[in-house]
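First up is the structure itself, then whatever we jot down about it.
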Amino acid sequence: DPQPSPDTTRKKEIGDIAPDFTLETTDDQTVTLSQLRGKNVMLNFWVAACPACLEELPYLQTVYNKLPKDKIEILAVNAGERDKLVQYEAQRMKLTFPVLIDPDGKVCKSYGRGSPTTFFIDSDGIIIEIVDEVFESPQEIENIFKTLNWI
């Protein structure tokens, strides 16, 4: 039987368990999603080749600066670009939340959607909201957090 290629992964929907992963950050730390259980996680997939993604990342930083870090984590996963480029962008934008490098795009593929897409994952690891467009402001993100009772 032919094995399905990773590209045919069923796209993840609200109510699905968020696929686990372990990735390195731009500052050589390692983040494992399942180790963040007990926290709500905003998981953003982005690529530097997408100008709108680059506009959006500073909004994530603005929101991150105000968040209760013991309750909410923001992760930005770069899907498949060179680590030097990802490091450059993270430093240029002075991002202090974890920026993760997904060198072959496997993690992004496991969620079955392109970039930009943002998943909101509850403290039990369940996807409870998906936004597959770019945020236009920090307020837009905060409004989702409020709707989800995260803040």
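We did not get these values from a lab; they are worked out from the coordinates using the rules stated. All of these numbers come straight from a predicted model, not from anything done at the bench. Cβ placement follows ideal geometry from the backbone for every residue including glycine, while neighbour counts extend to all protein chains displayed.
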Checklist outcome for this item: Per the C-alpha gyration tensor (a ≥ b ≥ c, the square roots of its eigenvalues), segment 73-147 is rounded if a/c is under 1.5, else prolate if a/b beats b/c, else oblate; here it's oblate
Next on the checklist: Less than 11 Å Cβ to Cβ from Leu33, Lys/Arg counted +1 and Asp/Glu -1: what total charge do the surrounding residues give?
Outcome noted: 0
Checklist entry - Dipole magnitude of the chain about its Cα centre, charges +1 at Lys/Arg Cβ and -1 at Asp/Glu Cβ only, in debye to the nearest 20? => result 240 debye
Item to check | Potential lengthening between Thr147 and Asp124 on full extension [0.36 nm per residue; Cα-Cα distance subtracted] | outcome: 6.5 nm
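In a shell of Cβ-Cβ distance under 15 Å around Ser137, excluding Ser137 itself, what net charge do Lys and Arg (+1) and Asp and Glu (-1) give?
On the way: positive: Lys66, Lys146; negative: Glu55, Glu56, Glu133, Glu136, Glu140, Glu142.
Local net charge: -4.
Under 10 Å from the Cβ of Glu56, count the other residues' Cβ atoms, weight Lys and Arg +1, Asp and Glu -1, and hand me the total.
On the way: positive: none; negative: Glu55, Glu133, Glu136, Glu140.
Overall, the nearby charge balance is -4.
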Next on the checklist: Between Asp28 and Thr62, what is 0.36 nm times their sequence separation minus the Cα-Cα distance? Round to one decimal in nm.
Outcome noted: 9.9 nm
Next on the checklist: Using +1 at the C-beta of Lys and Arg and -1 at the C-beta of Asp and Glu, which of Thr96, Pro138, Ile128 has the Cα lying farthest in the positive direction of the dipole of segment 93-141?
Outcome noted: Thr96
Checklist entry - So for the pair Val131, Gln35, with labels modelled 7 Å out along Cα→Cβ, what separation do we get in nm? => result 2.7 nm
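When DSSP beta bridges are limited to those with both residues in the chain, what percentage is antiparallel, rounded to the nearest 5? Kindly include the intermediate steps, with their values, before the conclusion.
Values: 15 of 26 bridges.
Close to 60 percent.
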Item to check | Debye equation applied to the C-alpha atoms of the chain, log10 I(q)/I(0) at 0.10, 0.11 Å⁻¹ | outcome: -0.31, -0.38
